[in-house]
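These notes are about the structure you will find just below.
Laboratory data are not the source of any read-out in this text; all were calculated from the coordinates shown. Please read all numbers here as calculations on a predicted model, not as lab measurements. All Cβ positions, even for glycine, are placed from backbone atoms using ideal geometry, and neighbour counts span all protein chains on display.
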Amino acid sequence: MDYKDTKLIVFLKTFSNRELNDLERFIASPFFRQSRDPLPLLKVLRKFHPDFESDKFREENVFGELYPDSDFSDKKSQNNFRSLSSYLLKALEEYLFVSGVCEDDALRKRIILDKLLSRNLLKYCDQYLKSAYEVLKDRLRVSVHSDIEEFLLSEIHSRFYTMKADLIGYLEVNFRSVEILSACYWTSVLRIAKTKYLVETYRQIDSGNNSIEEFINSSDVERILEIHKGSSQYVDLCFNYFTYMSLRNDNDAEYYEKAKKIFFENKSGISRADMNYYYSDLININSAIMEKSDENGSEEYSLLVSCLEDMAYKVSDSDFMPPDYFRNVIVSANRLRKFEFAEKFVSEFADELMPEIRESLVNYSKGLISFGKKEFEKSLEYISRVKYDLVSFKSDLKIMMLKIFYELEMYEQIYSLSDTFKHYIRNSKNLSNSIKHSYESFVNYYLKILKLKSSSDKNESAHIRKHLEKEISITQKIWLLEKLDELDLQNESKRT
C-alpha cells in the first residue's frame, strides 16, 4: 500500500489548517504523553497537506527529511518510522475523541455529572443537571440521537435521586425515561419499516424478516402518537408514521399531505440533519404520486426550492451536494420551463458537487436545459461530453440521447441506441423490475411513435394514445404524449 493511502494520511487529508494547529498543540501538551513523540513527523507531513499528491510525497522522502542521517533501506529504520506513524495515528484518534467531547456540550456535562456522583458530590449536582437539561432544550433536536442523549442524562438523574433517597423524584424522572424510550423505539421501527419497504419493493431484495410489520400491525400506533402529543418527539413520530402509511398504501396522497403539513408547520424547530431526511421522504413520495396523476410538477419544484432555501440538501456545509438532488432540480425546473432559474442554479451550485463528477453533471444539466429550450443541436453537444461512468445516470443519458435523436431525425443512431438500451435494461443487475418495466415501456412506445412519423394513420395514433394514457409505470410519459400531439396536428394540417 502506498503511504498516501494509509489510514494516517487519509485522515489527515480531512483536517483543516485550524485543526492541524490544534492537533499540534494537543500532541505538545503535557496531558498527552506517549513513549515516542510523533510531533516532528506531523510537522513534516504538514508540508504536503492537504492533497498529499506532490511527486516528492513518498514514504522514503518523508523518512529522509525526518532522519537525514539514516538509511531507509535498513529494515530496522523502516520499522521505527512506521511505528512512529502508528503513534501519530493514535494521537490523531485521541485528538478526535477529546475535541468531539469538548464540542458536544451535552455529552461533556453528562460526563461531569457522572464523575460528580462517583465522588458523592451530591450538593453540586442540581446545578449541573439544570445546566445539562438547558443545553438539550436549547439545541435543535436531531431525531433519535437527541432522545438517546436525554435518556442517558435521565439515567444519571435517576441515580442522583436514588443516592438522595428521593422516591418521588426517582419516579418522575423514570416516567420521563419510559416516554423517551417509547419515542425512540417507535421512531426507529417506523424508519426501518420504510427502508425495508423501499428495498423490498424497488430493489426486489427480500430481507427475510417480517418482525417490523408485526410490531406495527399488533399495535395501535395512532394511539401511541396521541400519548406523545405535546412532547418534543411528537413531530418526528407523526412524520415517520404518515410517510410510512403513504408508502404502504401505494404512495397515498392524503397521508403525504399530513406528513408535509406537520413538517412545514414545525420546520423552525427541526435540525438541518432531520430536514434533509424529511425533504428526501417528501420529494420521493411526491415523485411517485406525480407519476400516477396529472400533476404538472409544481409541487415537486416547490419542495426542491424550499429544500434549497433551507440548505437541507446536505447535512453540513462541508458535505457535497448529492448528484441526484442537483439533477432533480434541473429536471423539475425544465418541466415547468423555468430555464432562467435552472441556468442560475447550475452556475451558483456546480462547485458544491464532488469534483470527479462535476464537469459531467454540469454538461448533463446544460444538455437538459438546452433540450427544454428546443436547442437540440446544442443539447447533443453538451450530452456528448458526459462521461458514462456516472452509473446512476446511465439510463437518463440513453433516454436523453434517444429524445435528441428523435427531434433531429437521426434514424440510424435511434435504432442503434434503442437496441443497446434494450440490452442494457434486460441485463442490468442495478435496476429493479419496476424500473426495467418503466424503461422498456418507454422504448416500445417511443419506437411506435417514431414509426407514425412516416405514416398518417389516425386510427393507429388513437390506439397508441389510448394504451399510453392507461400506463401507470412508464418514464417520459408526458413527452411521449406531446410527440403524439405534434404528429396528430401535423397530419391534421396535411389533410386540410
Order of TYR439, TYR67 - criterion: other Cβ atoms within 10 Å of each residue's Cβ, fewest first: TYR67, TYR439
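For a quick check of your reading of the filter: which GluC sites (Glu not before Pro) in the range 298-333 sit in a DSSP loop and have no more than 11 other Cβ atoms within 10 Å?
Details: sites: GLU299, GLU300, GLU309; in loops: none.
Listed in order of number, the matching sites amount to none.
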Estimated 222 nm signal from helices in the chain, with DSSP H stretches of n ≥ 4 weighted -39500 (n - 2.57), rounded to 500: -23500 deg cm²/dmol
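What is the diffusion coefficient of the range 3-103 in µm²/s, taking the Kirkwood radius over Cα pairs and the Stokes-Einstein relation at 37 °C with a viscosity of 0.692 mPa s?
On the way: Rh = 14.1 Å.
Stokes-Einstein gives a translational diffusion coefficient of 233 µm²/s.
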Rg in Å to one decimal, and Dmax rounded to a whole Å, for the range 432-496 via C-alpha atoms: 12.5, 47
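Which chymotrypsin sites (Phe, Trp or Tyr not before Pro) does the range 10-69 hold that lie in a coil by DSSP with at most 12 other beta carbons within 10 Å?
Numbers: sites: PHE11, PHE15, PHE26, PHE31, PHE32, PHE48, PHE52, PHE57, PHE63; in loops: PHE15, PHE31, PHE32, PHE48, PHE52, PHE57.
Those satisfying the criteria are PHE31.
Quick one: putting +1 on the C-beta of Lys and Arg, -1 on the C-beta of Asp and Glu, what dipole do you get for the chain around its Cα centre, in Debye to the nearest 20? Before the final figure, lay out each step's value.
Values: 73 positive and 82 negative charges, 86 e Å.
That gives a dipole near 420 debye.
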From the C-alpha gyration tensor of the range 60-169, square roots of 5λ in Å: 48, 16, 10
Length released on extending from SER432 to GLU226, taking residue separation times 0.36 nm less the Cα-Cα span: 70.4 nm
Size of the chain as Cα extents on the principal axes (Å, biggest first): 97, 72, 43
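What do you get for GluC sites (Glu not before Pro) in the range 89-168 restricted to DSSP loop and a cutoff of at most 11 other Cβ within 10 Å of the site's Cβ? It would help to have the intermediate numbers written out before the result.
Values: sites: GLU93, GLU94, GLU103, GLU134, GLU149, GLU150, GLU155; in loops: none.
Sparse-neighbourhood loop GluC sites (Glu not before Pro): none present.
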Whichever lysines have a C-alpha closer than 18 Å to that of LYS43, once near sequence neighbours (fewer than 8 apart) are set aside: LYS4, LYS7, LYS13, LYS56, LYS90
Dipole of the chain, positive direction: furthest Cα of PHE242, TYR439, HIS49, with charges on the beta-carbon: HIS49
Whole-angstrom Cα spans of the range 227-340 along principal axes, big to small: 47, 37, 19
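Order these by the 10 Å Cβ neighbour count, fewest first: ASP324, ASP488.
The fewest-first ordering by Cβ neighbours comes to ASP324, ASP488.
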Rg followed by Dmax, in Å, when the range 157-211 is reduced to its Cα trace: 18.9, 56
Where trypsin sites (Lys or Arg not before Pro) in DSSP loops with at most 10 other Cβ within 10 Å are excluded, longest remaining stretch of the chain: 230-373
